[in-house]
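Student: Quick one: the structure is below, questions incoming.
The numbers here are math on the coordinates, done by the rules we state, and not lab data. Worth saying up front: this structure is predicted, and the values here are computed from it rather than measured. FYI the Cβ positions are ideal-geometry reconstructions off the backbone, even for glycines, and counts take in every protein chain you see.
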Amino acid sequence: MTETYDYDLVVIGSGPSGRRAGVQAAKLGRSVLIIEKNTRVGGVCVHTGTIPSKTLRETVLNLTGWREQAFYGRAYRARKDITIADPNSRLRKTLDYEVDMLDHQFARNGIAVAHGTARFVDPHHITITMD
């Protein structure tokens, strides 16, 4: 079954550039569809790039007390037993928060989101294959 929709702007990918383009267009009164191939919005920045790497780094620094050692000395330890579950838990919470924030931002600005793979059919038409 083929459904046809008409949008002023179709953005492929919900990463930082796609998000900003979609929100700006929506704020200017344009109808916007963001197509995201993954099951959750955010793109590489949220799921595998900047946010996960920085979250894991900061979590390890916090759990080990690395920053506090500069003040309290090398003997300072924030946590004695750190397991992989500790940073993974923090990462999961951070990513869930980021995705929720993006979903809310899209909804608040009236931006439609479709999940699937986008492909240009011609210069003015895009088809979405639901994964």
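Student: Antiparallel DSSP bridges in the range 9-129: what percent, to the nearest 5?
Tutor: Taking every DSSP beta bridge within the range 9-129, about 40 percent pair in antiparallel fashion.
Student: Moving on. Measuring from label point to label point, each 7 Å out along Cα→Cβ, what is the Gln69 to Arg20 span in nm?
Tutor: Modelled inter-label distance: 3.7 nm.
Student: Straight-line reach from Lys54: which aspartates and glutamates fall under 18 Å, measuring Cα to Cα and dropping same-chain residues less than 8 apart?
Tutor: Counting by Cα, and skipping residues close in sequence, Lys54 has these aspartates and glutamates nearby: Asp86, Asp96, Glu98.
Student: Less than 13 Å Cβ to Cβ from Lys93, Lys/Arg counted +1 and Asp/Glu -1: what total charge do the surrounding residues give?
Tutor: Taking every other residue near Lys93 into account, the sum is -3.
Student: State log₁₀ I(q)/I(0) for the chain at q = 0.19, 0.20 Å⁻¹ as given by the Debye formula over alpha-carbon point scatterers of equal weight, solvent excluded.
Tutor: After summing over all Cα pairs, the log10 values are -1.02, -1.09.
Student: Calculate the FRET efficiency for Arg119 and Leu28 from the Cβ-Cβ distance with a Förster distance of 41 Å, rounded to the nearest 0.05.
Tutor: It comes to 0.95.
Student: In addition: Kindly provide the pair-distance distribution of the range 4-72 built from C-alpha pairs, with 10 Å bins from 0 and whole-percent values in order of increasing distance.
Tutor: 19, 31, 21, 15, 10, 3, 0
Student: Using Cβ contacts closer than 10 Å as the measure, can you line up Glu3, Glu68, Glu36, Glu98 from fewest to most?
Tutor: Fewest-to-most ranking of Glu3, Glu68, Glu36, Glu98: Glu3, Glu68, Glu98, Glu36.
Student: What list do you get for His124, His47, His104 if you sort them by fewest beta carbons within 10 Å?
Tutor: Fewest to most other Cβ atoms nearby, the residues stand as His124, His104, His47.
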